[in-house]
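K.L.:
Let me begin by handing over the structure; questions about it come next.
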Amino acid sequence: MTAEKLSQEEAFARIQLLRSANIGPVSYAQLLGRFGNARDAVDALPDLAARGAKRNYKAAPRERIEREVQAARKAGARYLFHDQPDYPANLAAMDGAPPIVTMRGDLSLASRPCVAMVGARNASAAAVKLARDFARELAAEGFVVVSGLAKGIDGASHEGAFPHTVGVIASGIDIAYPAQHAKLQERIASDALLIAEEPPGTEPRGQQFPKRNRIIAGLAVGTLVVEAAPKSGSLITARLAGEAGREVMAIPGHPADARSHGCNQLIREGAVLVQTPQDVVELLSGFDGQPRSSVREAAYNYAFSEANEDLPADDIATILSSAPVAVDELVRQTGTTPGAVQMALLELEIAGRLERHAGGRVSLA
């Protein structure tokens with residue numbers, strides 16, 4: 001069933017499915033693939049959780065979803081589902097892409113050539129100016145600049161490219177964060193494009209920023225890091241871009257400035273060194289999916305296949321530990337089909353006993 005032909009009931013059920021406990025993008029896609037529609041998938045959740053050894057599982061209450069939908073309407077936002085024709089193709093190609101987002105503004109911006117620009121919140125004055133100037137020139141060359149509305153490099157990138165910019169936030173679509181960017185966020189929502197994965201009313205928390213970062217990386221054909229420390233969220237965005245087969249670029253900085261160490265580290269790891277906006281334009285114009293950068297890991301296919309045999313969830317749980325392991329290794333060790341392993345993992349995840357990691361790895365929660 002495509003989102004073009006979604007009934008209001010099915011759209012509601014999809015939101016309810018995704019908001020239910022322990023359901024993420026991977027399990028959501030597997031459940032839709034197995035049951036064919038969200039209504040049946042929601043109804044099956046308690047039984048699947050019981051097979052994973054969790055009793056009394058309940059899907060997200062309908063009343064909560066009704067309040068969420070009303071809040072989205074009040075904020076002037078609309079829902080975008082993963083199989084709608086205007087869902088951005090680059091984002092759809094990302095492993096674990098968000099099945100449902102809320103958005104305000106001009107969605108066509110996300111279908112134009114996009115470049116992500118990220119960097120330090122406590123950026124130097126020189127880097128802030130550089131980001132603003134780069135974004136302005138990239139927008140003039142026909143690119144849309146994607147960033148995360150944070151202080152420092154993000155804000156400067158949005159301002160330089162405006163209105164050719166996309167803001168991706170870690171909060172609900174109706175929550176401005178940081179507070180000093182409330183006016184900028186509203187300008188982007190009104191005259192550019194604002195995207196949120198979290199439900200309306202959600203305040204930003206630490207674990208939501210990496211999720212936001214994967215959307216930033218997924219929308220763009222390349223990610224440019226302007227200034228960043230070695231353990232910053234900007235490097236997470238860059239590595240996610242690399243794992244997705246997108247271009248990763250970094251502006252080098254002075255070795256004595258700790259805020260430049262992340263960029264210099266990325267360049268050592270294989271990011272392309274850029275010094276001018278034209279360097280970015282040359283890299284990304286006509287990008288054919290073969291990046292020059294080498295900041296990447298092997299891609300993993302999360303597709304769900306029908307289980308041909310029954311594999312008890314506890315049988316998988318006994319060979320899992322807190323150390324992440326690849327799903328294909330579980331298939332080898334159990335001697336069963338990939339579909340049977342995926343089904344058992346799904347049951348464990350719904351029961352809250354499984355955690356998924358990058359690269360298609362899983363561990364006990």
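The values are calculated or read from the model by the stated rules, or taken from the named source; none is laboratory data. Computed from a predicted model, the values in this text were never measured in an experiment. Reconstructed Cβ throughout: ideal geometry from the backbone, glycine too, with neighbour counts over all protein chains shown. These area figures cover heavy atoms from the full protein model, side chains too; ligands, DNA and RNA do not enter into them. Shrake-Rupley method; radii C 1.70, N 1.55, O 1.52, S 1.80 Å.
K.L.:
Could you tell me which numbered condition R55 fails, if it satisfies all but one of (1) part of a helix (DSSP H, G or I); (2) out of contact with any strand residue (DSSP E or B) (no Cβ under 8 Å at 6 or more places or on another chain)?
P.N.:
(1)
K.L.:
Here is a follow-up. For the stretch 241-257, which residues satisfy the criterion of being over 19 Å from S147 (Cα atoms) and either basic (K, R) or open to solvent by 60 Å² or more (accessible area, probe 1.4 Å) (or both)?
P.N.:
Within the stretch 241-257, H254, P255, A256 meet the criteria.
K.L.:
So, L80, is that one closer than 30 Å to L194 by Cα, of a type in the set (A, V, I, L, M) and either at pLDDT 95 or above or surrounded by fewer than 17 Cβ atoms within 10 Å (Cβ to Cβ) (or both) or not?
P.N.:
yes
K.L.:
Right, something else. Looking only at the stretch 130-176, how many residues end up being closer than 20 Å to N90 by Cα, free of Cβ contacts under 8 Å to residues at least 40 places away in the same chain and open to solvent by 10 Å² or more (accessible area, probe 1.4 Å)?
P.N.:
Final tally of qualifying residues: 2.
K.L.:
Among the residues of the stretch 187-207, how many are in a helix (DSSP H, G or I) and in contact with a strand residue (DSSP E or B) (Cβ under 9 Å, 6 or more places away or on another chain)?
P.N.:
Of the residues in the stretch 187-207, 4 are in a helix (DSSP H, G or I) and in contact with a strand residue (DSSP E or B) (Cβ under 9 Å, 6 or more places away or on another chain).
K.L.:
Which residue, of A59, A89, A72, is closer than 28 Å to A220 by Cα, open to solvent by 20 Å² or more (accessible area, probe 1.4 Å) and either in contact with a Pro (Cβ under 7 Å, 6 or more places away or on another chain) or modelled with pLDDT of 95 or more (or both)?
P.N.:
That would be A89, the only listed residue that is closer than 28 Å to A220 by Cα, open to solvent by 20 Å² or more (accessible area, probe 1.4 Å) and either in contact with a Pro (Cβ under 7 Å, 6 or more places away or on another chain) or modelled with pLDDT of 95 or more (or both).
K.L.:
Something else: All but one of (1) at pLDDT 95 or above; (2) out of contact with any Lys or Arg (no Cβ under 6 Å at 6 or more places or on another chain); (3) of a type in the set (A, V, I, L, M) hold for A13; which doesn't?
P.N.:
(2)
K.L.:
Let me ask something else about it. Select from the stretch 337-361 the residues that are outside any helix (DSSP H, G or I) and either open to solvent by less than 10 Å² (accessible area, probe 1.4 Å) or under 17 Å from D310 (Cα atoms) (or both) and list them in ascending order.
P.N.:
Applying the first criterion (outside any helix (DSSP H, G or I)) to the stretch 337-361 yields 337, 351-357, 361.
Matches in the stretch 337-361: T337 only.
So that you can scan it fast, the table gives a plain yes or no per residue for (1) part of a helix (DSSP H, G or I); (2) out of contact with any strand residue (DSSP E or B) (no Cβ under 8 Å at 6 or more places or on another chain); (3) within 25 Å of A358 (Cα to Cα):
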| site | (1), (2), (3) |
| --- | --- |
| Y79 | no, no, no |
| L91 | yes, yes, yes |
| L109 | yes, no, no |
| A126 | yes, yes, no |
| A150 | no, yes, yes |
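K.L.:
Within the stretch 171-186, count every residue that is closer than 14 Å to A75 by Cβ, part of a helix (DSSP H, G or I) and either modelled with pLDDT under 95 or of a type outside the set (D, E, K, R) (or both).
P.N.:
2
K.L.:
Does A229 fit the bill of being open to solvent by 20 Å² or more (accessible area, probe 1.4 Å), part of a loop (DSSP other than H, G, I, E, B) and hydrophobic (A, V, I, L, M, F, W, C)?
P.N.:
So A229 fits the description; yes.
K.L.:
If you don't mind, another one. Looking at the stretch 210-223, is at least one residue under 28 Å from R104 (Cα atoms), surrounded by fewer than 18 Cβ atoms within 10 Å (Cβ to Cβ) and at pLDDT below 95?
P.N.:
Yes, the stretch 210-223 contains at least one residue that is under 28 Å from R104 (Cα atoms), surrounded by fewer than 18 Cβ atoms within 10 Å (Cβ to Cβ) and at pLDDT below 95.
K.L.:
Additional query: Select from the stretch 271-286 the residues that are open to solvent by less than 20 Å² (accessible area, probe 1.4 Å) and in a loop (DSSP other than H, G, I, E, B) and list them in ascending order.
P.N.:
Within the stretch 271-286, A271, V274 qualify.
K.L.:
Would you mind telling me which numbered condition in (1) surrounded by fewer than 17 Cβ atoms within 10 Å (Cβ to Cβ); (2) in contact (Cβ under 8 Å) with a residue 12 or more places away in the chain; (3) not β-branched (V, I, T) A125 fails?
P.N.:
(2)
K.L.:
Write out, first by first residue and then by second, each pair whose Cβ atoms fall under 6 Å of each other, whose residues are 6+ apart or on separate chains, and whose first residue, in the stretch 237-254, is more than 18 Å from R268 (Cβ to Cβ) while the second is among the small types (G, A, S).
P.N.:
Every condition considered, the pairs that remain are L240/A217; R246/G222.
K.L.:
Report yes if some residue within the stretch 25-37 is within 26 Å of V362 (Cβ to Cβ) and surrounded by fewer than 15 Cβ atoms within 10 Å (Cβ to Cβ); otherwise report no.
P.N.:
Within the stretch 25-37 (the criterion being within 26 Å of V362 (Cβ to Cβ) and surrounded by fewer than 15 Cβ atoms within 10 Å (Cβ to Cβ)), the answer is yes, since at least one residue qualifies.
K.L.:
Then there's this: Return the residue satisfying two criteria in turn: it lies in the stretch 73-98 and is within 12 Å of the chain's Cα centre (by Cα) and aliphatic (A, V, I, L, M), and of such residues it is nearest to S190 (Cα to Cα).
P.N.:
Per the stated criteria, the residue is L91.
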